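**Student:** Would you mind keeping the following structure in view while I ask a few things?
The values are calculated or read from the model by the stated rules, or taken from the named source; none is laboratory data. Since this is a predicted model, take the numbers as computed values, not measurements. All Cβ positions, glycine included, derive from the backbone under ideal geometry; neighbour counts span all protein chains shown.
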Amino acid sequence: MKKAGRQSANEMNVVERMKAPTPPFWKKLRKWSLIVVAVAGALAAPPLGIVAAGYVAAGAAAIAAGAQVAVDDEKVKE
């Protein structure tokens, strides 16, 4: 997985970061934020149509995306 010449997670491109191992904390954060996205999506759909649920879903999706690109440096160097 690690290409020759790569020194750390700071030098990875986005595709390499997405494929690299994720630390346990960020895995849990990603899982819970995806659950929040699903619940907020259900609340935003008719007949409830709660407007704030859309903002919650967007925020949780952004957190999930950020958690996905977190990299465990110790496992990358192995």
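**Student:** Would you please list the contacts, defined by Cβ atoms under 7 Å and residues six or more apart or on different chains, that run from a residue in the range 66-78 that is surrounded by 14 or more Cβ atoms within 10 Å (Cβ to Cβ) to a residue that is of a type in the set (D, E, K, R)?
**Tutor:** Note: pairs meeting the criteria are A67/R30; Q68/R30; V69/R17; V71/R17; V76/K2.
**Student:** Continuing with this model, one more query. Tell me which residues, restricted to the range 31-78, are more than 9 Å from the chain's Cα centre (by Cα), in a loop (DSSP other than H, G, I, E, B) and β-branched (V, I, T).
**Tutor:** I50, V71, listed by residue number.
**Student:** Hey, any hits in the range 14-28 for a residue that's in contact with a helix residue (DSSP H, G or I) (Cβ under 8 Å, 6 or more places away or on another chain), assigned to a helix (DSSP H, G or I) and modelled with pLDDT of 85 or more?
**Tutor:** yes
**Student:** Give me the pairs, please: first residue somewhere in the range 22-38 and touching a residue at least 60 places away in the same chain (Cβ under 8 Å) and at negative phi, second residue anywhere and surrounded by 17 or more Cβ atoms within 10 Å (Cβ to Cβ) and in a loop (DSSP other than H, G, I, E, B), beta-carbon distance under 9 Å, and either six or more positions apart or on two chains.
**Tutor:** Pairs found: none.
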